[in-house]
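As structure tokens, the structure follows; a few thoughts come after it.
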2 protein chains.
Amino acid sequence: MSTQDPNTDAREELIDLAAEFYDQFAGGQIPEMTLPTRTKSNIEYDEEKGVWVYGDRTSTRSANSVRGARKLLKAIYTIEFLANQLEEDRSSTLRELYYLSESWDNEEAQFSGQDESNQLVEDLEIVSGVTREDFHMRPEESGATLMGPLELREQTRRGEREIHCQKDVGEGGYQIPNNPDTIEFLDHDVDFMLAVETGGMRDRLVENGFDEEYNCLVVHLKGQPARATRRIIKRLHDEQGIPALVFTDGDPWSYRIYGSVAYGSIKSAHLSEYLATPEADYVGIRPEDIVEYDLPTDPLSDSDVNALESELEDPRFQTEFWEEQIQLQLDIDKKAEQQALASRGLDFVTDTYLPERLDEMGVI
Amino acid sequence: MSTQDPNTDAREELIDLAAEFYDQFAGGQIPEMTLPTRTKSNIEYDEEKGVWVYGDRTSTRSANSVRGARKLLKAIYTIEFLANQLEEDRSSTLRELYYLSESWDNEEAQFSGQDESNQLVEDLEIVSGVTREDFHMRPEESGATLMGPLELREQTRRGEREIHCQKDVGEGGYQIPNNPDTIEFLDHDVDFMLAVETGGMRDRLVENGFDEEYNCLVVHLKGQPARATRRIIKRLHDEQGIPALVFTDGDPWSYRIYGSVAYGSIKSAHLSEYLATPEADYVGIRPEDIVEYDLPTDPLSDSDVNALESELEDPRFQTEFWEEQIQLQLDIDKKAEQQALASRGLDFVTDTYLPERLDEMGVI
């Protein structure tokens, strides 16, 4: 990668791709595009980078059938659209791309559904090595919020904004922009960041002043975190050396939330280096907490049990810690929400639970 | 209502309620609580206030059965919790209240599920005339965002924050706090506000500079709007005289979003005066737009058709405009998303669609 303007870099990668198809044609070959196979059995742990990446198995999209040829035609039209978008320094959503294809002159190039255009953009990310954000494709929903002793500068279309994520924001916190790579970190007193699943718990921590007392940056995940949220956690960890901790409900779906922060998702293993923070640690709610603190629980449903069993087979969860916790949860047949800590009083989480756990983990 | 501290007011209303039960006991009566019946057939239009409110039909919760007595016991425990919370100037979520009940000394007073505690808090809102926000009950998820030429002062637990909703925020905008009554409006150049359903369209308007060009305050609804979002729209309209416009997808679920901004919901008709903005106008997507602009569409599903037919019978939608639009939609059997406007190009919405519609509506 050159050190030019990132718009120019991304644009060149796209045009290189189109040029490859051209060369294949010119050389008398049937054009094709080769991609890693995106299944659970084809992800493996990269020891050096500490993240999960695709293995060696590949699939090929070839123009040797009408269906395959149409796919490559759509890719070419999309590349042209993205290259123009970058040249004009504009952006669009995945959904807009899908609708916009209706205006393309070749009907064969139009998408038949949004799944198709979404998948194509992911394919282009993988083969070009450029992220969707650098194509200027915005997600539908924005990232979540930050609250803590961090000062940053955001480059907006309307100029630079310098914002302190406690002093310059309301109780709602600082809204993470769609592309957090427009942010420069200026200064901070953050000892660790705590990524919190639910809004209710995020508000509890802020109301109780946990961010002030412990120099903690509270990151609201809003359930399954958006790419922007995972990206800013990654950058804060790697660039500023801030330890990352994840605090969710105690059920298999929440462990997946932790997994997507720490290891990335199977669907987007090509982005692990960009989005995943493998050093992120899991605070709780742990099945052992359900036992130790006698938390109010719900019984596991059939789909909970299936999800836990599938996690036991997932290479990302094959560690001593997770195998023990998941086995314990299957044994006790219970799950608990993070707000269940309120059964011990509204201050229990900030006065007792988190300080004890973070001390035990060596964070404070 | 007195002009004291709102915490004291809300606390007194709650204690008055408890005193009423006490007096009923003391007078040898079986204690009871009377509430308006909360069904579609018991809401009616209040000409004077311009909102939909409950009619005259009532239901009674009486202690003349074990089940009824237990309900009133839970109400008393909840009143005590809320009164203490207000005295200490703290707050909590509905979910925390549910879990916290596990720590109450009387097992009969503990909630058996969150539906029960949610419903009880709504009952208390209705009989006391105090809103949940003034009980300091926070919603699970926070409100949405604002972007536009508005300067405000938010009273936070950490002191006052003065924020300009264009100059002091990133591209994500200003995050509306859980209780927007902590906000004071300082100054504005807003000609109208546009409440937008989807994040993709909100970002499109901001990227295209629509808020700057038209002095528009862009309010992101994030689907079905949170109470905080509806409340701030109401306050901006009533206190600052800013016209309110709603811009959603063109399907029955989106008309309900408009309905909840303009008329309030059936479940919370007791809050209409606090949350509803009956003067709010509907911009689109209108079924007539689908025809006029030849937008990409999806066919109506069975549940869409049922929802449209149910809207035709809903007193809130019995106007000439809505009857015509809903009938047209049933005839053409199609729906369209707001981002479908991208099929005419990414600037069509800000260069053509909105200016034409807003001009026609007399807004610009």
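Worth pointing out:
- You will find that of A:Ile266, A:Ile242, A:Ile290, A:Ile326, the residue that is in contact with a strand residue (DSSP E or B) (Cβ under 7 Å, 6 or more places away or on another chain), farther than 24 Å from A:Gly199 by Cβ and of a type in the set (Val, Ile, Thr) is A:Ile266 and no other.
- Verdict on A:Asp46 being within 30 Å of A:Leu312 (Cα to Cα) and surrounded by fewer than 19 Cβ atoms within 10 Å (Cβ to Cβ): yes
- Of the residues making up the stretch B:135-179, those that are under 22 Å from B:Gln240 (Cβ atoms) and touching a residue at least 40 places away in the same chain (Cβ under 8 Å) number 15.
- Residue check, A:Leu86 modelled with pLDDT of 90 or more, of a type outside the set (Val, Ile, Thr) and buried (at least 19 other Cβ atoms within 10 Å of the Cβ): yes
- Looking only at residues of the stretch A:64-99 that are in contact (Cβ under 8 Å) with a residue 12 or more places away in the chain and among the aromatic types (Phe, Trp, Tyr), we find that the one that is farthest from the other protein chains (Cβ to nearest Cβ) is A:Tyr77.
- When B:Ser103 is tested against (1) of a type in the set (S, T, N, Q); (2) in contact with a helix residue (DSSP H, G or I) (Cβ under 7 Å, 6 or more places away or on another chain); (3) surrounded by fewer than 17 Cβ atoms within 10 Å (Cβ to Cβ); (4) at pLDDT 90 or above, just one condition goes unmet, and that condition is (4).
- Taken together, the residues in the stretch B:155-186 that are more than 19 Å from the chain's Cα centre (by Cα), more than 14 Å from B:Thr145 (Cα to Cα) and not small (Gly, Ala, Ser) amount to 11.
- Pick from the stretch A:170-203, criterion at the interface with another protein chain (Cβ under 7 Å from one of its Cβ atoms) and in contact with a Phe, Trp or Tyr (Cβ under 9 Å, 6 or more places away or on another chain), ranking: farthest from A:Arg132 (Cα to Cα): A:Gly170
- A single entry from B:Arg95, B:Arg90, B:Arg153, B:Arg132 fulfils the requirement of being assigned by TED's automatic domain parsing to the domain that holds B:Phe192 and in contact with an Asp or Glu (Cβ under 9 Å, 6 or more places away or on another chain): B:Arg153.
- Within the stretch B:111-131, the residues that satisfy the criterion of being surrounded by 20 or more Cβ atoms within 10 Å (Cβ to Cβ) and closer than 17 Å to A:Leu346 by Cβ are B:Phe111, B:Ser117.
- The strands (runs of 3 or more DSSP E) falling completely within the stretch B:157-214 that include 3 or more residues that are surrounded by 24 or more Cβ atoms within 10 Å (Cβ to Cβ) and in contact with a helix residue (DSSP H, G or I) (Cβ under 7 Å, 6 or more places away or on another chain) map to B:192-196.
- Every listed requirement among (1) touching a strand residue (DSSP E or B) at 6+ places or on another chain (Cβ under 8 Å); (2) within 17 Å of B:Arg138 (Cα to Cα) is met by A:Thr198 save one, (1).
- Some residue of the stretch A:23-38 being part of a helix (DSSP H, G or I), outside the structural domain of A:Asp314 (by TED's automatic domain parsing) and basic (Lys, Arg): no
- Filtered residues of the stretch B:48-58 (kept if touching a residue at least 24 places away in the same chain (Cβ under 8 Å) and assigned to a loop (DSSP other than H, G, I, E, B)): B:Lys49, B:Gly50
- If you check A:Val218, A:Val246 for being under 24 Å from A:Pro355 (Cα atoms), β-branched (Val, Ile, Thr) and touching a Lys or Arg at 6+ places or on another chain (Cβ under 7 Å), only one passes: A:Val218.
- Screening B:Arg61 with (1) in contact with a Phe, Trp or Tyr (Cβ under 9 Å, 6 or more places away or on another chain); (2) in contact (Cβ under 8 Å) with a residue 40 or more places away in the chain gives one miss only, at (1).
- Filtered residues of the stretch A:85-111 (kept if basic (Lys, Arg) and either in a helix (DSSP H, G or I) or touching a Lys or Arg at 6+ places or on another chain (Cβ under 8 Å) (or both)): A:Arg95
- Here A:Thr319 fits the description: hydroxyl-bearing (Ser, Thr, Tyr) and within 24 Å of the chain's Cα centre (by Cα).
- Number of the condition not met by B:Val349 [criteria: (1) surrounded by fewer than 20 Cβ atoms within 10 Å (Cβ to Cβ); (2) under 28 Å from the mean Cα position of the chain (by Cα); (3) of a type in the set (A, V, I, L, M)]: (1)
- In the stretch A:100-117, residue farthest from A:Leu14 (Cα to Cα) [restricted to those that are within 13 Å of another protein chain (Cβ to nearest Cβ) and under 25 Å from the mean Cα position of the chain (by Cα)]: A:Gly113
- B:Ile285 more than 19 Å from the chain's Cα centre (by Cα) and at pLDDT 95 or above: yes
- All positions within the stretch A:132-153 that are assigned to a strand (DSSP E or B) and crowded, with 21+ Cβ neighbours inside 10 Å: A:Met137, A:Arg138, A:Thr145, A:Leu146, A:Met147, A:Leu150, A:Leu152
- Scanning the stretch A:215-227 for residues that are buried (at least 24 other Cβ atoms within 10 Å of the Cβ) and either hydroxyl-bearing (Ser, Thr, Tyr) or assigned to a helix (DSSP H, G or I) (or both) yields no hits at all.
- Test set (1) touching a residue at least 60 places away in the same chain (Cβ under 8 Å); (2) more than 18 Å from B:Ile126 (Cβ to Cβ); (3) part of a loop (DSSP other than H, G, I, E, B) - B:Tyr45 fails condition number: (3)
The values are calculated or read from the model by the stated rules, or taken from the named source; none is laboratory data. Bear in mind that the values here come from a model prediction, so they are computed numbers and not experimental data. Every residue, glycine among them, receives a Cβ derived from its backbone with ideal geometry; neighbour counts consider all protein chains shown.
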